[in-house]
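Okay, structure first, notes after.
The values are calculated or read from the model by the stated rules, or taken from the named source; none is laboratory data. From a predicted model like this one, the values you see are computed outputs, not experimental measurements. Here the Cβ positions follow ideal geometry from the backbone for every residue, glycine too, while neighbour counts run over all protein chains shown. SASA here: full protein model, heavy atoms, side chains in, ligands and nucleic acids out. Shrake-Rupley method; radii C 1.70, N 1.55, O 1.52, S 1.80 Å.
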Amino acid sequence: MNAVDQISTSAFDGQKPGTSGLRKKVDVFQQPHYLMNFVQSIVNALPLDQRSRLVVGGDGRYFNREAIQQILQVLVANEVKEILVGADGLLSTPAVSHLIRKSGSDGGIVLSASHNPGGPGKDFGIKFNNASGSPAPEFLTDLIFENTKTIDHYLRFPLPELQLTEGAEYQFGNSTIKVVNSVSDYAELMQTLFDFDRIRSSMEDGKLSLCFDGMHAVTGPYAKCIFSELLGVPAGNLLNCVAKEDFGGGHPDPNRVHAKTLYEYMMSDHATDLGAASDGDGDRNMILGNGAFVSPSDSLALIAEHHQCIPQFRDGLVGVARSMPTSTALDRVAEHLNLPCYETPTGWKFFGNLLDQGLVRLCGEESFGTSGDHVREKDGVWTVLCWLSILAETGKSVQQLLTEHWTRFGRSYYCRHDYEGLEAEKAQAVMSGLVEHRDSLIGQSYGSKPIREVDVFSYEDPVDGSVSENQGVRVKFDDGSRIVYRLSGTGTDSATLRVYLEQIERNADSLQHDAIEFNEELGQFAHSIANIAGVTGAAEPSVRT
Ligand code: VG1
Ligand code: CO
């Protein structure tokens with residue numbers, strides 16, 4: 001019987017989880033003790049009776065393999081009774097969430113830096129999800145962080161290198177490690193939420209077609225099983241569905257910039273009815289139609305509008321939620337459906353309590369994330385299935401659905417300007433400058449639109465009463481248009497300032513413009529009133545999505 005090693009260590013600075021866990025350059029994680037310190041801090045933060053069963057899986061990026069072996073050593077040493085691991089250490093983020101729920105686990109560890117690039121010199125990340133499958137709420141991430149600051153030892157069980165092949169089962173100390181199929185539980189869940197026969201027969205009849213881009217990330221195997229094997233999508237319509245450690249050298253970020261090939265194909269004459277892509281860990285999605293781009297905020301609003309096409313939601317939505325910077329398109333649909341619409345800070349963890357309490361059944365973020373109450377993470381493949389269901393049921397094209405939606409509810413022209421690579425203090429200074437000059441901003445106008453209010457968003461969770469302050473600055477105009485400023489919490493080196501732009505258009509003759517172009521001038525106004533050039537030196541945004 002192997003003895004557990006107690007390893008002396010000292011605290012690392014900066015192990016503070018951000019919007020979605022701890023993200024750093026991979027060489028930071030590769031330092032001796034760095035990952036193990038963090039994992040032991042997670043374990044320390046969990047009450048003793050919540051360490052019985054944990055799920056572990058990751059998006060397969062560079063260092064995923066080594067990281068899983070290290071994590072298993074710490075979890076076995078801490079006598080976690082049962083540990084479920086995805087085959088080859090792979091599980092998409094929504095699949096981890098589902099597996100935690102299905103297996104009645106106390107939580108799980110997700111290895112991912114999501115849409116950030118992977119490979120040597122690139123990014124890595126780790127986060128903890130609780131027993132409901134939700135990213136740890138702030139009180140827990142704060143507790144984990146406190147532990148990282150004082151840690152002086154961790155426990156390690158000297159495991160041999162374990163082969164993580166499906167079905168393998170290992171017994172060490174007081175722990176059992178079970179290696180499970182990464183895809184099958186998730187695929188089974190999807191079949192309970194959607195009418196696969198209906199979608200499949202629309203495809204067989206030639207009324208519905210899909211092209212999906214896996215971006216060389218974790219969704220590949222899920223797409224092959226669900227889209228190809230179960231729904232009959234031809235293999236040739238699944239692009240980049242072989243998962244690679246470096247995502248083929250790209251940014252696994254499903255937007256028009258990084259999924260350019262798919263985007264261009266969908267804008268061409270021979271496009272399929274639906275085009276979609278998902279990110280590094282499978283929780284984000286981009287939705288395209290033949291000649292149409294669906295902004296994530298519109299996607300969320302349209303799923304709400306057409307929720308009756310989705311078997312999961314046939315009993316009604318109860319309530320919906322969006323992150324604060326996400327456009328208000330959802331609010332207008334919610335009002336029409338007579339549903340409450342909650343506004344939360346950025347980051348999926350803030351939806352957890354609302355979903356757990358059954359207050360909402362559909363949530364979304366402007367950053368290409370949507371999901372329902374079937375898991376506690378955003379879910380890329382699920383969103384594609386929602387759209388396939390809507391197209392199959394209505395028989396309408398994506399463009400037609402968009403136009404009808406805008407005509408009925410007005411259109412939120414929405415886009416985001418990111419200023420990347422800023423010095424942290426300067427990015428912070430832009431934010432504090434806005435608050436300081438709040439009063440002088442209120443006198444100014446954008447064209448004929450006067451600024452009505454400038455405030456700092458703070459959120460009180462309606463379930464547990466916890467308060468999250470300083471969640472972004474909102475500049476609101478008289479007609480409901482907005483500019484929102486906030487700093488990214490997922491970067492791994494320099495700071496990124498995000499500027500979210502929304503203009504609401506109700507004029508039926510003015511609904512078909514390009515959203516990025518439509519917001520260019522408002523973006524310049526946002527740039528000028530925040531004195532971004534003066535404070536940071538950035539003359540214009542680095543990315544517009
Ligand atoms: C970004 C997005 C946010 C999303 C988060 C995690 O955070 O804006 O909406 O929840 O990424 O997404 P930030 O702090 O950089 O703006 V992913 O796909 O990590 O899981
Ligand atoms: Co992601």
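Scanning segment 208-220 turns up no residue that is assigned to a loop (DSSP other than H, G, I, E, B), open to solvent by 50 Å² or more (accessible area, probe 1.4 Å), at pLDDT 95 or above and farther than 16 Å from Ser278 by Cα.
Does segment 519-534 contain any residue that is part of a loop (DSSP other than H, G, I, E, B), open to solvent by 60 Å² or more (accessible area, probe 1.4 Å) and without any contact (Cβ under 8 Å) to a residue 24 or more places away in the chain? Within segment 519-534, not a single residue is part of a loop (DSSP other than H, G, I, E, B), open to solvent by 60 Å² or more (accessible area, probe 1.4 Å) and without any contact (Cβ under 8 Å) to a residue 24 or more places away in the chain. Just one of the listed residues (Asp88, Asp59, Asp106) is among the acidic types (Asp, Glu), within 15 Å of ligand 1 (Cβ to nearest atom), modelled with pLDDT of 95 or more and in contact with a strand residue (DSSP E or B) (Cβ under 9 Å, 6 or more places away or on another chain), and it is Asp59.
Pairs meeting the criteria (first residue in segment 157-174 and touching a residue at least 60 places away in the same chain (Cβ under 8 Å), second residue of a type in the set (D, E, K, R), beta carbons under 7 Å, at least 6 apart or on different chains) are Pro158/Asp5; Leu164/Asp88; Gly173/Glu79; Asn174/Glu79; Asn174/Lys81. Taking segment 76-93 as the range and being more than 16 Å from ligand 2 (Cβ to nearest atom), open to solvent by 20 Å² or more (accessible area, probe 1.4 Å) and assigned to a strand (DSSP E or B) as the test, the residues that pass are Glu82, Asp88.
Test Arg284 against the criterion of being of a type in the set (D, E, K, R), within 16 Å of ligand 1 (Cβ to nearest atom) and touching a residue at least 60 places away in the same chain (Cβ under 8 Å), and give yes or no. Here the answer is yes, as Arg284 does meet what is asked. Filtered by the rule that a residue be in contact with a strand residue (DSSP E or B) (Cβ under 8 Å, 6 or more places away or on another chain), touching a residue at least 60 places away in the same chain (Cβ under 8 Å), open to solvent by 20 Å² or more (accessible area, probe 1.4 Å) and not in a strand (DSSP E or B), segment 440-489 gives Gln444, Pro462, Ser466, Gln471, Gly480, Ser488, Gly489.
Condition check: modelled with pLDDT of 95 or more, closer than 30 Å to Val473 by Cβ, within 15 Å of ligand 1 (Cβ to nearest atom) and among the charged types (D, E, K, R). Does Asp279 satisfy that? Judged against the criteria, Asp279 is a match. Quick check on my filter: what residues within segment 166-196 are open to solvent by 80 Å² or more (accessible area, probe 1.4 Å) and either in contact with a strand residue (DSSP E or B) (Cβ under 9 Å, 6 or more places away or on another chain) or over 24 Å from Asp373 (Cβ atoms) (or both)? Passing the criteria: Glu166, Glu169, Gln171, Asn174. Give me the pairs: first residue in segment 368-388 and assigned to a loop (DSSP other than H, G, I, E, B), second residue among the β-branched types (Val, Ile, Thr), beta-carbon distance under 8 Å, and six or more apart or on different chains, which are they? Qualifying pairs under 8 Å: Asp373/Val360; Glu377/Thr93; Glu377/Val96; Lys378/Thr93; Lys378/Thr370; Asp379/Thr370.
Asp514: away from ligand 1 (no atom under 16 Å from the Cβ), exposed (fewer than 13 other Cβ atoms within 10 Å of the Cβ) and more than 30 Å from Asp123 (Cβ to Cβ), yes or no? Considered against the rule, which asks whether it is away from ligand 1 (no atom under 16 Å from the Cβ), exposed (fewer than 13 other Cβ atoms within 10 Å of the Cβ) and more than 30 Å from Asp123 (Cβ to Cβ), Asp514 comes out as yes. Taking the numbered list (1) under 19 Å from the mean Cα position of the chain (by Cα); (2) surrounded by fewer than 18 Cβ atoms within 10 Å (Cβ to Cβ) in turn, Asp49 passes all entries but (1).
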